[in-house]
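The values are calculated or read from the model by the stated rules, or taken from the named source; none is laboratory data. Not measured: the values here are computed from a predicted model. Every residue, glycine among them, receives a Cβ derived from its backbone with ideal geometry; neighbour counts consider all protein chains shown. All accessible areas refer to the heavy atoms of the entire protein, side chains included, with ligands and DNA or RNA removed. Shrake-Rupley method; radii C 1.70, N 1.55, O 1.52, S 1.80 Å.
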Amino acid sequence: MTISSLNRRMTVWISYAAFSVVQLWLSVSFPESDVAEYRYYAAMALRPPIFHHWPKEYPALSQLVFLLPRLLPFSYRLDFAAVALGALGILLAHGMNRHGPWWGLKLLGYLSLGTIGLFSERYDIFAALFGFLAIDQAVQRRWSWAWIFSVVGFLLKLFPAVFWPVFLIQEWRETQRLRWDRLALSLLTGLIMVGFQAAMASHQAFTSYRYLLNRPVEIGSLAASLTALGGHFHLFYAFGSVDVRAQGLAHVIGDALTAVGVICWLSVFRAQWRGRLDLIDAALLTLGILLLTTKVFSAQYLIWLAPLLALKRGNWFFILAFILTSFGYPVGYAIPGMFSWVIYIFTARNLLLTAGFVLLAWSHERMSSTAVFSRELSR
């Protein structure tokens, strides 16, 4: 390892230390209700009979994350922040060993721009860690580990399941074998966990899935943005978030976007199947479509995206989208008189994200077309 590489790594760890100090201070100085909810779930899990109470809105494995801070000696809020920062440290150490210190600096940059006000008070970094490990193992063609890490991420916060079609297609391209058995085992693991929940507390077996299905259109979603641009709307609080309704219009737009999302997914999978997208870009686009076409897009979901974006060249659409996310939350919520603008801030953020993903897809399509044209000329 060269001296310059060591210096860059040191810069990353110094930046991580500064980020950690800020996060620990924020977790104590500006407490949020989410951590109190995590503490409640941890307390209920240990109430006799043990493990007969599960989080109502999160998959079962999240319970272990909520219990981890109880092993530390300080307040739950400070201990949770320390555990979340520890997960980030593991992600940085692994990612820099694989992709170099520049990746680590970009990751910290994205997190500082878009999630500085909430990183240590959400548990999304744990799911993001396993989602990134899954992608990274797939890049190295360690398919068994890729699926294992993605399943762990799925049992923490569901979203890594969107990588499963990407894994199926990429492994087929490299081995000419469609490994349906891996998909079946992954789904079976999820069913086993649901069965365990049902055995311990039958009334809570599918609570996280029902919670997600029943949620209204959340203020940060693209569906909410289009609703706001379309006319009169009303904000209300439910399911732990600010939501949007407009005489049924929000749900119509949300359902239409979901259908568009499915079509976009199929287009991504087709392009990957034909070799026009590599694994990382297919995973990025698949995750981006999920974020933009579902009815819930909380600010902390950018934590899922940041490690994968750090693998790519800088894109101003994404950078500005991360900055605007922080202006929407927590700044827009904290400054009196600014809250009425939050939905429009998120609207601009969502349009920037959409532009970023369109540019990513277009650039790959252009490179693929150029490669095909070059092959034709060389014949």
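Listed values, structure above:
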{"item": "Mean residue ellipticity (222 nm) of the chain, computed from DSSP H runs ≥ 4 via -39,500 (n - 2.57), nearest 500", "result": "-23000 deg cm²/dmol"}
{"item": "Rounded if a/c under 1.5, otherwise prolate or oblate - the range 112-176, Cα gyration tensor axes", "result": "prolate"}
{"item": "The range 1-89 - charge dipole about Cα centre, Lys and Arg +1 at Cβ, Asp and Glu -1, debye rounded to 20", "result": "200 debye"}
{"item": "Per residue accessible area of the chain, 1.4 Å probe, in Å²", "result": "46 Å²"}
{"item": "25 Å Cα-Cα reach of LYS312 towards lysines, excluding residues that sit fewer than 8 places from it in its own chain", "result": "LYS106, LYS157"}
{"item": "FRET efficiency for TRP273 and SER4, using Cβ-Cβ distance with R0 set to 30 Å, rounded to 0.05", "result": "0.15"}
{"item": "The range 313-353-the range 184-245 distance, computed between alpha-carbon centres (Å)", "result": "22 Å"}
{"item": "Rg/Rh (Cα only; Kirkwood hydrodynamic radius) as it applies to the range 265-359", "result": "1.03"}
{"item": "Highest average packing first - 231-241, 126-136, Cβ atoms within 10 Å", "result": "126-136, 231-241"}
{"item": "Charge dipole magnitude, Cβ of K and R +1, D and E -1 - the range 162-261, Cα centre, debye nearest 20", "result": "140 debye"}
{"item": "Rounded if a/c under 1.5, otherwise prolate or oblate - the range 192-244, Cα gyration tensor axes", "result": "prolate"}
{"item": "Sites matching trypsin sites (Lys or Arg not before Pro) across the range 249-325 that sit in DSSP coil, with at most 12 neighbouring C-beta atoms within 10 Å", "result": "ARG274, ARG313"}
{"item": "Dipole of the range 98-164, positive end: most advanced residue of VAL139, TYR110, PHE149 [Cβ charges, Cα centre]", "result": "VAL139"}
{"item": "Long-range tail of P(r) for the range 35-164 (Cα pairs > 24 Å, %)", "result": "34 percent"}
{"item": "Distance in nm between pseudo-label sites at ARG142 and ALA256 (7 Å out along the Cβ direction from Cα)", "result": "4.6 nm"}
{"item": "Peptides 75-83, 303-311 ordered by average Cβ neighbours within 10 Å, highest first", "result": "303-311, 75-83"}
{"item": "Inverse of mean 1/r across different Cα pairs in the range 246-296, Kirkwood, Å", "result": "11.6 Å"}
